[in-house]
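Below is one structure, written out as structure tokens, with a few remarks after it.
The values are calculated or read from the model by the stated rules, or taken from the named source; none is laboratory data. All values derive from a computational prediction rather than experimental measurement. Cβ: placed from backbone, ideal geometry, glycine included. Neighbour counts: every protein chain shown. Calculation scope for accessible area: heavy atoms of the full protein, side chains included, ligands and nucleic acids excluded. Shrake-Rupley method; radii C 1.70, N 1.55, O 1.52, S 1.80 Å.
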Amino acid sequence: MNVAYYNLELGILEMKYHHEILYSLSILKADDTKTKELNETAKQQKNSFTDKIFKEINEYMIGERKTFDIPYKFQGTSFQKKVWKVLETIPYGETFTYGDVAKKIKNPKAVRAVGGACHRNPIWLIVPCHRVVGTKGNLTGYAGGVDMKKKLLTIEQKYKKISTQK
């Protein structure tokens, strides 16, 4: 597995990939020990594929991109993969509840397990688990933190409104 790091407004973006297939994205906080240990050898694993991922994420952050064109592969349980497949269908700027996702996988009682699968989503921005909210629209747990979830949803609401006004 190869790893590449890029600076984003949100923190240090860590990408794990192999043969131009993305396996995971992470945001490392500025005070994270791992972040402090990054060095030139980590940067040597950047290439045109990782540059493309970085470019598409930056385009998303400024409202120029609503969907991603990055090949990726899920690594998880069959239940997690079912949940993640539903996440792929949530339109930009819209949300589903955890209950909605549970119903879509034909397991309406699995609301908490859906939350767990969302939390373990390894491709968190491209497969938009931030678009899953609590029953009343409340922002509940998110692997990147509730502040990150709020920021991503705010970006989408802002640019969705702009694109619908044109």
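Quick one: Kirkwood hydrodynamic radius for the chain, alpha-carbon pairs, angstrom, one decimal? The partial results should precede the final answer.
Values: mean 1/r = 0.0602 Å⁻¹.
It is 16.6 Å.
Would you mind calculating the gained length between Ala143 and Lys46 on full extension (0.36 nm times residue separation, minus the Cα-Cα distance), in nm to one decimal?
Contour length minus the Cα-Cα distance gives 32.4 nm.
Taking the Cα centre of the chain as origin, sum charge times position over the Cβ atoms of Lys and Arg (+1) and Asp and Glu (-1), and report the length of that vector in debye to the nearest 20. Intermediate results must be reported in sequence, preceding the final value.
On the way: 29 positive and 17 negative charges, 170 e Å.
Charge dipole, the chain, about its Cα centre: 820 debye, nearest 20.
What residues qualify as long-range amide H neighbours of Val133, i.e. H under 5 Å apart, gap of 5 or more or another chain, H built at 1.01 Å from N?
Phe96, Thr97, Tyr98
If you add up the charges near Gly63, with Lys and Arg at +1 and Asp and Glu at -1, over every other residue whose beta carbon is less than 9 angstrom from its beta carbon, what do you get?
Details: positive: Arg65, Lys66, Lys158, Lys160; negative: Glu59, Glu64, Glu156.
Its environment carries a net charge of +1.
With θ set to phi - 60° and the Karplus curve 6.51 cos²θ - 1.76 cosθ + 1.60, what are the ³J(HN,Hα) couplings of the stretch 125-142 in order, to the nearest whole Hz, using x for Gly and Pro?
8, 5, 9, x, 5, 5, 8, 9, 10, x, 3, 9, x, 6, 8, 9, x, 7
Could you sort out which of Lys55/Lys149; Lys106/Lys150; Lys85/Lys149; Lys55/Lys151 sit more than 22 Å apart by Cα distance in this structure? Walk me through the numbers before you get to the answer.
Details: Lys55/Lys149 20 Å; Lys106/Lys150 28 Å; Lys85/Lys149 19 Å; Lys55/Lys151 19 Å.
Those over the limit are Lys106/Lys150.
Going by average Cβ neighbours within 10 Å, how do the peptides 109-117, 54-62 rank, with the highest at the top?
Numbers: 109-117: 18.0, 54-62: 16.0.
So the peptides 109-117, 54-62, ranked by packing, come out 109-117, 54-62.
Suppose all protein chains stay in the model; what accessible area per residue would a 1.4 Å probe give for the chain, in Å²?
Values: 9330 Å² over 166 residues.
The answer is 56 Å² per residue.
Keeping the other protein chains in place, figure out the carbon and sulfur percent of the accessible area of the chain, with a 1.4 Å probe. Walk me through the intermediate numbers first.
Working: 4730 of 9330 Å².
Within the chain, the accessible surface is 51 percent carbon and sulfur.
With unit charges on the beta carbon (Lys/Arg positive, Asp/Glu negative), name the residue among Pro71, Pro128, Ile21 whose Cα is farthest towards the positive pole of the charge dipole of the chain.
Final value for the positive-end residue is Pro128.
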